Amino acid sequence: MTEFFDALETRDPGQREAALMAALPAQVAHARQASAAFAEILRDIDPQAVTSRAALARLPVTRKGELFERQKAQRASDPFGGFSTLVRGPAMPRIFASPGPIYEPDGATRDYWRAGRALFAAGFRAGDLVHNSFSYHMTPGAFIMESGAHAIGCTVFPAGTGQTEQQLQAVAELQPVAYMGTPSFLRILVEKAAETGTDIASLRKGLVGGEAFPPSLCQWFTERGLHVFQSYATADLGLIAYETAARQGMVLDEGVIVEIVRPGTGDPVAEGEVGEVVVTTLNPAYPLIRFGTGDLSAVLPGADPTGRTNTRIKGWLGRADQTTKIRGMFVHPSQVADIARRFPEIVRARLVVSGEMANDVMTLKVEASTAPAGLDDRIGEAIRDVTKLRGMVELVPPGSLPNDGKVIEDARSYK
């Protein structure tokens with residue numbers, strides 16, 4: 001593919017980074033001034049000092065659980081918990097609800113969630129008729145994609161979910177060229193069409209999201225003449241990353257600053273190491289600063305072969321919240337990080353819970369740069385101090401723990 005959504009996609013990486021860091025202090029200042037929640041969260045922060053990734057990494061991470069708790073506490077006065085800067089009326093045409101419920105505002109700006117970039121990379125073009133099978137009920141998924149399609153110049157059929165036979169009839173009669181929705185429902189449509197002899201050959205391309213899209217399913221669609229790509233977006237942040245024709249990871253959107261941090265902390269990890277995706281959005285309507293998605297991913301080296309120069313990530317690699325109940329008590333990734341921070345010798349740590357039901361065995365596996373006498377005993381004392389549980393310590397060579405983002409591994413047998 002030699003066409004791009006706009007000139008931002010092919011900027012020199014240094015120019016992009018400079019532009020993002022130049023925009024960061026103003027966004028932090030705006031969040032403090034216009035958002036009641038961030039006025040409290042960032043009360044001790046000087047926005048004008050936040051001009052680098054190192055400075056950004058010193059700000060607190062706000063995770064979805066905190067957003068939900070603030071919303072719940074303020075239901076009567078502000079359903080957004082003080083995070084939105086919009087007021088009801090023309091600037092906020094809709095309010096959505098995600099499971100929880102967590103409420104999200106819709107902004108009136110064109111392509112509010114920035115999905116157009118992902119759709120363009122998937123081959124969507126002006127004049128295309130698009131069959132949209134994301135849900136139009138309460139959640140924003142359908143509207144995220146529809147607004148992006150409209151930004152490109154597409155026409156959208158709002159199919160929504162379910163009613164497979166009626167959807168197949170609409171595809172056969174309207175002959176859309178593109179699909180938006182979950183990959184699993186697209187497969188249902190394709191299989192049902194084959195079963196009933198319905199002609200849906202007009203569908204040639206698609207952008208999917210909302211669930212895992214394994215390479216085997218991608219290949220399954222390709223074998224049937226459908227070129228389907230995936231996007232990574234959330235109701236809170238809009239588009240985070242998207243797949244291109246190269247199919248080598250996912251390229252970050254131009255409107256976000258993404259960090260990969262060690263689960264349970266706000267500490268950035270080295271390039272290539274799996275960690276939690278933390279996003280700062282430049283959206284003034286919903287200015288989330290260091291918002292923890294709870295998703296795991298890792299940065300890929302090099303640029304995308306299509307010519308897009310932004311950073312690439314591996315895509316969704318699992319969930320970062322690995323909180324585990326051990327002997328009747330919850331142990332959190334942040335507690336493992338607290339233990340590790342107490343010992344400069346610790347490079348990485350992984351808490352492995354093994355044994356059978358009601359007979360939990362807790363072992364902290366530690367990569368250590370050096371192993372002075374008594375280190376394991378001192379780490380064991382820290383485990384008891386932080387978790388109130390006894391655990392064993394196993395010192396392992398640096399680089400021997402899996403690079404999968406897991407801080408707590410539940411290896412118990414539940415048979």
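The values are calculated or read from the model by the stated rules, or taken from the named source; none is laboratory data. On a predicted model such as this, the values are computed, not experimentally measured, just so you know. In this analysis, Cβ positions are derived from the backbone assuming ideal geometry, glycine residues included, and neighbour counts consider all displayed protein chains.
Points worth noting:
- There is at least one residue in segment 179-198 that is touching a Gly at 6+ places or on another chain (Cβ under 7 Å) and among the hydroxyl-bearing types (Ser, Thr, Tyr).
- Of the helices (runs of 4 or more DSSP H) lying entirely inside segment 64-164, those containing at least 2 residues that are at pLDDT 95 or above and within 21 Å of Phe229 (Cα to Cα) span 116-121, 141-152.
- Residues (charged (D, E, K, R) and touching a helix residue (DSSP H, G or I) at 6+ places or on another chain (Cβ under 8 Å)) located in segment 203-243: Glu211, Arg224, Asp236, Glu243
- Matching residues, segment 325-354, being of a type in the set (Ser, Thr, Tyr) and within 23 Å of the chain's Cα centre (by Cα): Ser334
- Selection within segment 372-397: residues that are touching a residue at least 40 places away in the same chain (Cβ under 8 Å) and in a helix (DSSP H, G or I). The member of this set that is farthest from Thr323 (Cα to Cα) is Ile379.
- Identity of the residue in segment 131-168, over 25 Å from the mean Cα position of the chain (by Cα) and among the β-branched types (Val, Ile, Thr), that ends up farthest from Gly107 (Cα to Cα): Thr164
- Listed by position, the strands (runs of 3 or more DSSP E) enclosed by segment 208-265 that each have at least 2 residues that are of a type outside the set (A, V, I, L, M) and in contact with a Leu (Cβ under 6 Å, 6 or more places away or on another chain) are 227-234.
- Hits in segment 1-49 - residues which are hydrophobic (A, V, I, L, M, F, W, C) and farther than 24 Å from Phe80 by Cβ: Met1, Phe4, Phe5, Ala7, Leu8, Ala18, Ala19, Leu20, Met21, Ala22, Ala49
- Segment 9-24 residues that are under 25 Å from Arg58 (Cβ atoms) and in contact (Cβ under 8 Å) with a residue 12 or more places away in the chain, paired with ones that are among the aliphatic types (A, V, I, L, M) and outside any helix (DSSP H, G or I) (beta carbon under 8 Å, 6 or more apart): Pro13/Ala303; Leu20/Ile257; Leu20/Leu282; Ala23/Leu282; Leu24/Val50; Leu24/Ile257
- Here the condition is being outside the structural domain of Asp12 (by TED's automatic domain parsing) and at positive phi; of Gly355, Gly307, Gly292, it holds for Gly355 alone.
- Note on segment 97-108: residues that are within 21 Å of Leu207 (Cβ to Cβ) and of a type in the set (Ser, Thr, Tyr) total 1.
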